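As structure tokens, the structure follows; a few thoughts come after it.
The values are calculated or read from the model by the stated rules, or taken from the named source; none is laboratory data. Computed from a predicted structure; not experimentally measured. All Cβ positions, even for glycine, are placed from backbone atoms using ideal geometry, and neighbour counts span all protein chains on display. These accessible areas exclude ligands, DNA and RNA; they are computed on the full protein's heavy atoms, side chains included. Shrake-Rupley method; radii C 1.70, N 1.55, O 1.52, S 1.80 Å.
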Amino acid sequence: MMMGDSRISSFLLSILLFCLALIDNIGVEASHHVYIHLQNYTPRKINKLLRTTYHFQPKKHWMNDPNGPMYYKGLYHLFYQYNPKGSVWGNIVWGHSVSTDLINWQPLDPAIHPSKKFDKFGCWSGSATILPGDKPIMIYTGITDEENTQVQAFAEPDDYEDPYLEKWVRPSSGNPIIEPDEKDMNKTAFRDPSTAWLGPDGEWRLVVGGRMEEKGIAHLYKSKDFKKWTKAEDPLHSKEGTGMWECPDFYPVNLTGQNGMDTSSNGNGVIHVLKVSLDEKRYEYYTIGMYNTDKDKFTPDKTKSIDGPGGLRYDYGNFYASKTFYDPSRNRRVLWGWVNESDSSDDDVGKGWAGIMAFPRKVWLDGGGKQLIQWPVDEIKMLRGNNATMNETKIGKGMHVRSRGTTANQADVEVTFSFPSLDKAEKFDPSWNSMEAHELCELKGSSVEGGVGPFGLLTLTSPKFEEYTPVFYRIFKTVDNSYKTLMCTETGRSSLKNKAGYKPTYGGFVNIDLSTKEISLRTLIDHSVIESFAAGGKTCITARVYPSIALHKDSNLYVFNNGTEIVTIKSFTAWNMNRPYQMNN
Ligand code: DQQ
């Protein structure tokens, strides 16, 4: 090829790349990255190697937010944002599955597709409300045009007698039920209606997520008949500097005990939780506070938690767009959250699937009233098979003990650590107060020697330690002689192959009284997800990893200590987890 030709061809190539980049960025961006050229691409074969087994996921393709979870006539229903044509975000419909036990899932046909005037350009997230007479109704966000205008629409079952609720209708009359008020609302930042609740005046309320410049808003709407909705003068709550609030969830919790309650419950002994998903940060925070029903205002209790991105999180890892529902059959509140992939979109297209749900968690208020507790629903025990235990074992600095007899890539692990004293705890440098927990985890990683800790689990570890994902604690002593417990999950060495992927270190503090000199850790390992619960569910971290050597029999589980203080494994059980007999296939 002559010089001139090669210059022309590289010019043409740059034009082509420029056009592809443009194509990538055209369209409705929402909060998800849009890869138009990948939206309809399905590989010939689904790559099952790193698919999870007991975490909810559709048989193939892309999944994001949980939608309208509920319990109806003996069945749990889970709807979810689903691309039926490819494994990146796009073509979104409401996938639908049912279960009798939150473990085995039967797929049904998608419940809602974009087709009506009010949702022709998208059927986005929404929630279920059970109306009097045991009548479920969905309110969801419809996208009406190419400009991404967002309205709220309703869908109702075609046949209330059908426990599967297979067919949903969206009447043209009466829909959409809520439209953005042109004057003072941002119509492209107006989505994800919550479950509605009934106030003491007999009127229904719900919130819709929004944003005005940088202020995150939970817009409040009221209705007497669930058909005609009026915007309340003030939002239920808002906060400057937080950006768009997606998927707001507002619900009551009991001040004592673990029982959940219906979203409309209120009165003595009840406090409220408002959770929002921060579009800009891609994580969620919640606040606990008082809901004044006369003024229809929620006021976070500043003595309990920060109202803003530094506030309490359900999960300090990969967990977003979550939603709770009240399960009357077991008198509990259950939380579903979306766990995105951490590999590249090209990897997802190659695998033919993307997105799972975190294992469903029961949520209740901690005894101290300052935070929520989350714990995998009890039904998980149905899947526990053989287990491996360890006798009380002391582990000194630099030691790691292997758990033998565990299917280490499909396990449920419960371990309790104890230590003789906290004297060797490292000093907490006051300058670290301005750091986020994950930054401290980065600074003080699993291989950085400490005093009390780092100790914890080395999950998905390859035989020669080329790959491993540590989940661990490190305890610090502060200047006022109290202790700070840090929990971390490090994904940097989880895979030799996943080069283009996101491999962060996650971290959260654990609000625990260490006077017993003990701390427990529970970790659910499921091939490409590691979901951990500190101290009985006080702090949770979920991470996605893609080992290339630590697979099948080459995947091991260890307990390790890299602190100068000896740590004792007080109890340790790792259950091999069976596959559910049905997971959307
Ligand atoms: N996902 C939906 C939106 C929501 C976002 C679109 C959160 O309704 O705001 O798929 O992940």
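List of remarks:
- Positive-end residue of Ile46, Gly199, Ser555, charge dipole of the chain with Cβ unit charges: Ser555
- Cα-Cα over 19 Å, subset of Lys302/Lys427; Lys73/Lys227; Lys239/Lys302; Lys517/Lys570; Lys167/Lys224; Lys120/Lys228: Lys302/Lys427; Lys73/Lys227; Lys167/Lys224; Lys120/Lys228
- Percentage of interatomic Cα-Cα distances in the stretch 385-577 larger than 27 Å: 21 percent
- Which listed pairs, of Lys275/Lys553; Lys275/Lys295; Lys323/Lys497; Lys187/Lys499; Lys397/Lys553, have C-alpha distances above 30 Å, in listed order: Lys275/Lys553; Lys323/Lys497; Lys187/Lys499
- Based on Cα atoms of the stretch 63-375, Rg over Rh with Rh as the Kirkwood radius reads 0.93.
- Within the straight-line cut-off of under 13 Å between alpha carbons, the aspartates and glutamates reachable from Lys464 are Asp554, sequence neighbours fewer than 8 places apart in one chain being disregarded.
- For the stretch 385-577, size of Cβ-based charge dipole, Lys and Arg +1, Asp and Glu -1, in debye: 400 debye
- Peptides ranked, highest mean first, by Cβ atoms within 10 Å: ranges 547-556, 290-299: 547-556, 290-299
- About its Cα centre, the dipole of the chain is roughly 1440 debye, where the only charges are +1 on Lys and Arg Cβ and -1 on Asp and Glu Cβ.
- Kirkwood Rh, Cα atoms: Rg over Rh of the stretch 44-136: 0.99
- Ranked packing of 72-81, 87-96, 101-110, most packed first, by mean Cβ within 10 Å: 87-96, 72-81, 101-110
- Simple Cβ-charge dipole of the stretch 506-551, Lys/Arg +1 and Asp/Glu -1, about Cα centre, in debye nearest 20: 40 debye
- Relative contact order %, the stretch 385-577, counting alpha carbon pairs below 8 Å whose residues are six or more apart: 41 percent
- Considering only Val452, Met487, Cys441, and ranking their Cα positions along the charge dipole of the stretch 441-491 that arises from unit charges at the beta-carbon of Lys, Arg, Asp and Glu, the one farthest toward the positive end is Val452.
- Probe 1.4 Å, protein heavy atoms only - accessible area per residue of the chain in square angstrom: 41 Å²
- Selection from Gly68, Ser421, Thr149, by position along the positive dipole direction of the chain (Cβ): Ser421
- A Förster radius of 30 Å, combined with the Cβ-Cβ distance separating Val169 from Tyr581, puts the computed FRET efficiency at roughly 0.40.
- With the largest listed first and rounded to whole Å, the semi-axes of the equivalent ellipsoid of the chain from the Cα gyration tensor are 38, 31, 24.
- Rounded to the nearest 500, the 222 nm mean residue ellipticity of the chain from helices alone is -2000 deg cm²/dmol, with -39,500 (n - 2.57) taken per DSSP H run of at least 4 residues.
- Projected label points at Thr516 and Lys302, each 7 Å from Cα along the beta carbon direction, are separated by 3.4 nanometres.
- In this calculation the C-beta distance from Asp554 to Met399 is compared with R0 = 22 Å, giving a FRET efficiency of 0.50.
- For His37 and Lys427, a Förster radius of 51 Å and the Cβ-Cβ distance give a FRET efficiency of 0.45, rounded to the nearest 0.05.
- Residue separation of Glu147 and Tyr283 scaled by 0.36 nm, minus their Cα-Cα distance, works out to 46.4 nm of gained length.
- The three principal axes of the Cα atoms in the stretch 161-263 give end-to-end lengths of 45, 44, 28 Å, sorted in falling order.
- Put simply, the C-alpha atoms of the stretch 418-481 give a gyration tensor, and the ellipsoid matching it has half-axes of 25, 15, 8 Å, longest first.
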